[in-house]
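Written out below as structure tokens is the structure these notes cover.
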Amino acid sequence: MGITWSPDGSRCPICAGPGRQSTRHPAALCESCQESVVDQNGNSVQLFNESFSGGLEISISGKKVSRSTDDAENFPLYAKRIECRAREYRFGGVVVQPLEAWNVLDKAERSTGFGD
Ligand SMILES: [Zn+2]
């Protein structure tokens, strides 16, 4: 699909504008791309933390559609037709990366043992 990102998170993989500068999530969508994500039917999707302590919740048109954080993390999101997934950010907030990036980065993290 040709998604590219910088290891230092300086570039948004969707719009190629400034990224979120996260080395932990280098392919994180910039805030404006994150706000523009839609579901597979093209409905605009809102991403929230469930509470102060975190968790992830997904709403469409103001209606909660995720049953749990796990459910929300597996919900297919699209940014410019690129399939993405959201996750709870480490210290609250929400991070969205292209599915391909999650797969590559998760694999890299496992193989090096480089976690937190
Ligand atoms: Zn962007």
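The values are calculated or read from the model by the stated rules, or taken from the named source; none is laboratory data. As the structure is a prediction and not an experimental result, all values here were calculated from the model. Counting neighbours? That spans all protein chains shown, and the Cβs are built from the backbone with ideal geometry, glycine included.
Go through Leu47, Leu99, Leu77 for me and flag whichever is farther than 15 Å from Ile3 by Cβ and aliphatic (A, V, I, L, M).
One residue alone meets the criteria, Leu47.
Test of understanding: among Arg20, Arg90, which residue is within 13 Å of the ligand (Cβ to nearest atom), out of contact with any strand residue (DSSP E or B) (no Cβ under 6 Å at 6 or more places or on another chain) and basic (Lys, Arg)?
One residue alone meets the criteria, Arg20.
Whether any residue in the stretch 68-86 is more than 16 Å from the ligand (Cβ to nearest atom), among the small types (Gly, Ala, Ser) and at positive phi is what I want to check.
no
So, restricting to helices (runs of 4 or more DSSP H) that lie completely within the stretch 14-116, which ones have at least 1 residues that are at pLDDT below 95 and aliphatic (A, V, I, L, M)?
99-112
I'd like the residue in the stretch 4-13 that is of a type outside the set (Phe, Trp, Tyr) and in a loop (DSSP other than H, G, I, E, B) and, out of all such residues, is nearest to the ligand (Cβ to nearest atom).
Cys12
Take the residues of the stretch 23-66 that are within 12 Å of Val94 (Cβ to Cβ) and in contact (Cβ under 8 Å) with a residue 60 or more places away in the chain: which is farthest from the ligand (Cβ to nearest atom)?
Ranking the qualifying residues of the stretch 23-66, first place goes to His25.
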